[in-house]
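Scroll down for the structure; my scribbles are underneath it.
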Amino acid sequence: MSTETQGDFREFNRFVTEQLAGRETELSLEESVAAFRAYQSELSRCRDELQPAIDELDAAGGIALDMDVIIARGKQQLAEEGISE
């Protein structure tokens, strides 16, 4: 089995486990594969749409978000408005 095929199988297995498990109606294998291919297509489209923004950040020296700073700023703004946790 080629590496690409193994990767596809792992991704398909993850997709079935995370996205299709627990559905009220069971899908056939063919329907599951079709849903996986649609998911892959949508994921690829999203990546293509995001790539220019990623390239721009890379070129401009973008920095990673510091969630602790963002949360602290939000808490400070809430406190200034008289809203407590």
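The values are calculated or read from the model by the stated rules, or taken from the named source; none is laboratory data. Quick caveat, the model's predicted, so the values are computed rather than measured. Heads up, the Cβs are rebuilt from the backbone with ideal geometry, glycines too, and the neighbour counts pull from every protein chain shown. Just the protein is used for accessible areas: all its heavy atoms, side chains included, with ligands, DNA and RNA removed. Shrake-Rupley method; radii C 1.70, N 1.55, O 1.52, S 1.80 Å.
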Residue-averaged 222 nm ellipticity for the chain, from DSSP H runs of 4+ at -39500 (n - 2.57), nearest 500 | -24000 deg cm²/dmol
Carbon and sulfur atoms account, in whole percent of the 1.4 Å probe accessible area of the chain, for 54 percent
Between E42 and D66, what is the label-to-label distance in nm when each label sits 7 Å out along the Cα-to-Cβ direction?
-> 3.6 nm
Candidates per trypsin sites (Lys or Arg not before Pro) in the chain, loop by DSSP, up to 10 other Cβ within 10 Å | R23
Which ³J(HN,Hα) values, rounded to whole Hz and listed in residue order, are derived for segment 67-72 from phi using the Karplus coefficients 6.51, -1.76 and 1.60 in 6.51 cos²θ - 1.76 cosθ + 1.60 with θ = phi - 60°, glycine and proline given as x?
-> 4, 4, 5, 5, 5, 4
With every protein chain present, what is the per residue accessible area of the chain (1.4 Å probe, Å²)?
-> 87 Å²
State the label only: which of (1) 1.24; (2) 1.38; (3) 1.76 corresponds to Cα Rg over 2.2 N^0.38 Å computed from the shown model?
-> (3)
Keeping all protein chains in position, work out how much accessible area E42 exposes to a 1.4 Å probe, and write it in Å² to the nearest 10.
-> 90 Å²
